[in-house]
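*Asks:* This is the structure I have questions about; it appears just below.
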Amino acid sequence: MRAVAPVTGPKVLRIGLVQEGTVIEERVIKQRTHVTIGPSEKSMFVIPSKSIPPSFRLFELVGGEYFLNFLDGMTGRVAFKAGVSELSALKSSAKRAPASNGNAYQVQLTEEARGKIVVGETTFLFQFVAPPPVQPKPQLPVSVKTGIANDIDWTTTIIAAFSFLFHFGAVGSIYSDWMDPVVDDEVDVAALLESVKQLPPPPVVEQPKENADAPAASAAPAAEAPKAAGGGNKGAAAGPAKGSGGMSDARASALTNELAQLDMQMLGALNSSGNATASVLSSGDVPTGLLENAAASGSGVGKGGVAGLNMGGAGGGTVRPGAAGGGGLASIGNTGASGPATAGSAQTVKGPVGNAQVGGAAVSGGSVSNAPSIVAGMTAGFRRCYNKGLQEDPSMKGSVRITAKIGPNGEVISATPSGGSGLSGTVVSCVVARVQSAQFAPPEGGGATVVIPVTFVSQ
């Protein structure tokens with residue numbers, strides 16, 4: 001261990017702080033400086049005394065020498081080389097020094113001086129001692145100073161590092177593309193186009209003769225059918241002129257009427273479970289030409305229950321679209337106004353509507369600045385609670401008083417209902433929940449109580 005070098009120089013102050021007969025603090029002022037006392041936190045010794053300034057220099061350093069400053073309210077004694085003297089006896093020979101609350105008495109101290117100074121309930125004991133030796137700086141052990149760096153085999157570490165770099169570099173060069181040839185997009189596209197141009201044309205696919213002749217063969221009968229039909233009509237029309245072998249106009253009209261009735265019967269038979277025309281428009285089950293021919297015919301269609309299709313009323317005769325009389329489909333196409341259509345209309349029956357009347361809120365225990373506005377804003381919520389209750393009991397009405405306790409932050413700590421005569425538990429619980437969700441201003445006094453009277457009336 002290193003030897004501690006002795007310190008030479010002027011002595012320093014050693015001060016002890018005594019309260020109620022017990023030394024509570026002892027300090028050696030290593031650096032010769034002013035020693036201040038007082039209630040200020042900037043003082044060297046903080047004492048709770050109002051009889052001294054906030055930071056009073058009890059020991060003042062002037063020109064390298066210490067002076068004792070004391071006020072009229074202080075007591076104690078000082079031992080000099082010549083003897084012990086009370087502070088009251090030193091006032092006559094002391095020097096006057098200015099202080100914040102009056103003049104202080106100043107006495108020079110020597111290195112042999114010691115004594116005690118009583119300030120209120122605090123006693124200061126002081127003496128001059130030799131300065132303590134300067135402590136050497138702490139030194140770390142050799143094992144700690146060396147550290148982990150001295151235990152590393154640097155030769156092996158360097159070889160391993162270069163080995164890792166070489167291997168990672170080799171693997172990176174394998175997977176990198178810096179050794180690949182440069183790709184020219186324009187050259188590649190031009191080569192691709194040239195290769196496409198050089199492709200041979202696709203072979204011509206010859207159609208089999210059987211398939212080629214089939215459309216022609218099927219087209220021939222189709223072309224002959226209209227011709228035959230046209231010849232038959234022409235023969236029917238020319239029948240009366242040729243003689244007894246032709247068909248009369250009355251017979252042609254009767255056949256046309258029978259054909260129209262057969263078409264309508266076919267419509268009902270193809271879709272007996274619903275509206276036959278739905279299949280015509282959606283899936284095309286029935287050719288639209290049948291409907292066009294039936295509509296163009298002036299003979300109409302006879303009534304009857306063909307495949308569940310009611311074509312007319314109780315009377316007989318032919319049913320035509322838009323014709324008056326009969327039931328069922330006889331009135332199809334009739335655009336006359338026969339009265340207001342009421343089928344499918346619905347009328348909503350309005351239930352009872354309630355109203356909530358909120359009385360003046362009574363505030364006690366503290367002042368809440370926004371209590372009236374907050375309570376008034378609850379009216380809509382109270383009305384909704386009452387209207388929900390009216391759906392269960394339309395004749396319900398009554399009143400309730402809610403006592404709300406307001407916390408320091410303005411929140412509702414609790415809401416207690418009272419009264420509630422004539423109201424269901426659902427309405428009362430809904431009203432209490434609305435009050436508990438309110439947020440008031442922080443009350444002045446840390447808490448308050450707000451009483452809210454609510455009356456519910458059905459309109």
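*Asks:* So, of the residues in the range 34-70 that are within 60 Å of the chain's Cα centre (by Cα) and among the β-branched types (Val, Ile, Thr), which turns out to be most open to solvent (accessible area, probe 1.4 Å)?
*Replies:* 46
*Asks:* Here's a follow-up. For the range 389-411, which positions are over 31 Å from the mean Cα position of the chain (by Cα) and acidic (Asp, Glu)?
*Replies:* 392, 393
*Asks:* Can you tell me which residue in the range 99-114 is least open to solvent (accessible area, probe 1.4 Å), limited to those that are of a type outside the set (Ser, Thr, Tyr) and closer than 12 Å to residue 71 by Cβ?
*Replies:* 104
*Asks:* When the residues of the range 115-135 are filtered to those that are under 18 Å from residue 94 (Cα atoms) and surrounded by 18 or more Cβ atoms within 10 Å (Cβ to Cβ), which remaining residue is nearest to the chain's Cα centre (by Cα)?
*Replies:* Here the answer is 117.
*Asks:* Considering only the range 71-86, I want to know if a residue exists there that is part of a strand (DSSP E or B), surrounded by 15 or more Cβ atoms within 10 Å (Cβ to Cβ) and small (Gly, Ala, Ser).
*Replies:* So far as the range 71-86 goes, yes, one or more of its residues are part of a strand (DSSP E or B), surrounded by 15 or more Cβ atoms within 10 Å (Cβ to Cβ) and small (Gly, Ala, Ser).
*Asks:* When you check residue 442 against the structure, is it under 33 Å from the mean Cα position of the chain (by Cα) and part of a loop (DSSP other than H, G, I, E, B), yes or no?
*Replies:* Criteria met by residue 442.
*Asks:* Would you mind finding the one in 437, 414 that is free of Cβ contacts under 8 Å to residues at least 24 places away in the same chain, within 31 Å of the chain's Cα centre (by Cα) and surrounded by fewer than 18 Cβ atoms within 10 Å (Cβ to Cβ)?
*Replies:* Criteria check complete, one pass: 414.
*Asks:* Just give me the residues in the range 368-385 being at pLDDT below 90, in a helix (DSSP H, G or I) and under 17 Å from residue 447 (Cβ atoms), in sequence order.
*Replies:* 371
The values are calculated or read from the model by the stated rules, or taken from the named source; none is laboratory data. From a predicted model like this one, the values you see are computed outputs, not experimental measurements. Glycine gets a Cβ as well: all are built from the backbone with ideal geometry, and neighbour counts include every protein chain shown. What goes into the accessible areas is simple: the full protein's heavy atoms, side chains included, and nothing from ligands, DNA or RNA. Shrake-Rupley method; radii C 1.70, N 1.55, O 1.52, S 1.80 Å.
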